[in-house]
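> Below you'll find the structure I mean.
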Amino acid sequence: MKPYLIAPSILSANFTKLGEEVDNVLAAGADVVHFDVMDNHYVPNLTIGPLVCKALRKHGVTADIDVHLMVQPVDDMIKQFADAGASYISFHPEASQHVDRSLQLIIDSGCKPGLVFNPATPLQHLDHVMHKLHHILLMSVNPGFGGQSFIPQSLEKLKQIRALIDQSGFDIRLEIDGGVKVDNIRAIAEAGADMFVAGSAIYDQADYHEVIQQMRSELALVK
Ligand code: DX5
Ligand code: ZN
């Protein structure tokens, strides 16, 4: 199993001081910056684009930026985010006309490709592309908003994906996104996740270091 990575979602950060918020969460022990891109088309919400990613790089953020595209179509955004300094880029397979082409575009842009599954998206989309994936992101809420509750059936789906990854023999991260908290992160890890997006659980607390430490303490107990 790979080392666990904690990826705070900036969706719940204070956008009036985003650079400082990202600096603080990284100084508090976060590993990766999770960057949610919503287009009011694929999902019913509108957030931030490549300019903001570029601004974080210009501000001095050197940590990996994990861009989660909730947009349709996806290919043009892949190019723009790669140019803006993204490290990982993932998209939802049903939002792309040509999944293999979009994954290849991410690879050719020098970024790490991922596929994202909504709670009800079937896993068959993985069938012919496992060899191209750096990560698989399972949504444990329906995409579009922070602060929703973890859907319990996601644990079973995580186990299924974990088994597929292990059977494939490929070195693929399994990321979970939505409703991750201190009190469920251990069960989520035990179901097979090794990368944890948490927005409201971290940014809604006054002390980022404390909550990240609590998450790591829970992860240390994983069997
Ligand atoms: C939802 C986003 C998530 C969201 C998670 O569409 O993909 O990354 O910010 O927020 P929490 O951790 O608050 O559920
Ligand atoms: Zn996300």
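> Among the residues of region 34-43, are any away from ligand 2 (no atom under 15 Å from the Cβ), part of a loop (DSSP other than H, G, I, E, B) and of a type outside the set (S, T, N, Q)?
Checked against the condition, which is being away from ligand 2 (no atom under 15 Å from the Cβ), part of a loop (DSSP other than H, G, I, E, B) and of a type outside the set (S, T, N, Q), region 34-43 yields at least one hit.
> Also, I was wondering about something else. Can you work out which of the residues in region 167-182 that are touching a helix residue (DSSP H, G or I) at 6+ places or on another chain (Cβ under 8 Å) and surrounded by fewer than 20 Cβ atoms within 10 Å (Cβ to Cβ) is farthest from residue 33 (Cα to Cα)?
168
> Could you check region 44-84 and list, in sequence order, the residues that are surrounded by 19 or more Cβ atoms within 10 Å (Cβ to Cβ) and in a strand (DSSP E or B)?
Within region 44-84, 65, 66, 67, 68, 69, 70 qualify.
> Give the residues of region 172-206 that are in a helix (DSSP H, G or I) and within 12 Å of ligand 1 (Cβ to nearest atom), sorted by residue number.
Those that are in a helix (DSSP H, G or I) and within 12 Å of ligand 1 (Cβ to nearest atom): 185, 188, 200, 201, 202, 203.
> Write out, first by first residue and then by second, each pair whose Cβ atoms fall under 6 Å of each other, whose residues are 6+ apart or on separate chains, and whose first residue, in region 24-39, is within 13 Å of residue 9 (Cα to Cα) and among the charged types (D, E, K, R) while the second is in a strand (DSSP E or B) and modelled with pLDDT of 95 or more.
Close Cβ pairs (under 6 Å, with a partner that is in a strand (DSSP E or B) and modelled with pLDDT of 95 or more) amount to 31/5; 31/6; 36/9; 36/68.
> OK, next. Hey, any hits in region 6-14 for a residue that's surrounded by fewer than 19 Cβ atoms within 10 Å (Cβ to Cβ), more than 16 Å from ligand 1 (Cβ to nearest atom) and either of a type in the set (Lys, Arg) or modelled with pLDDT of 95 or more (or both)?
No; the residues of region 6-14 include none that is surrounded by fewer than 19 Cβ atoms within 10 Å (Cβ to Cβ), more than 16 Å from ligand 1 (Cβ to nearest atom) and either of a type in the set (Lys, Arg) or modelled with pLDDT of 95 or more (or both).
> Same structure again: Taking region 1-46 as the region of interest, how many residues are among the hydroxyl-bearing types (Ser, Thr, Tyr) and within 15 Å of the chain's Cα centre (by Cα)?
So the answer is 3.
The values are calculated or read from the model by the stated rules, or taken from the named source; none is laboratory data. What you are looking at is a predicted structure, and each value in this text was computed from that prediction instead of being measured. Positions of Cβ are backbone-derived with ideal geometry, glycine not excepted, and every protein chain shown enters the neighbour counts.
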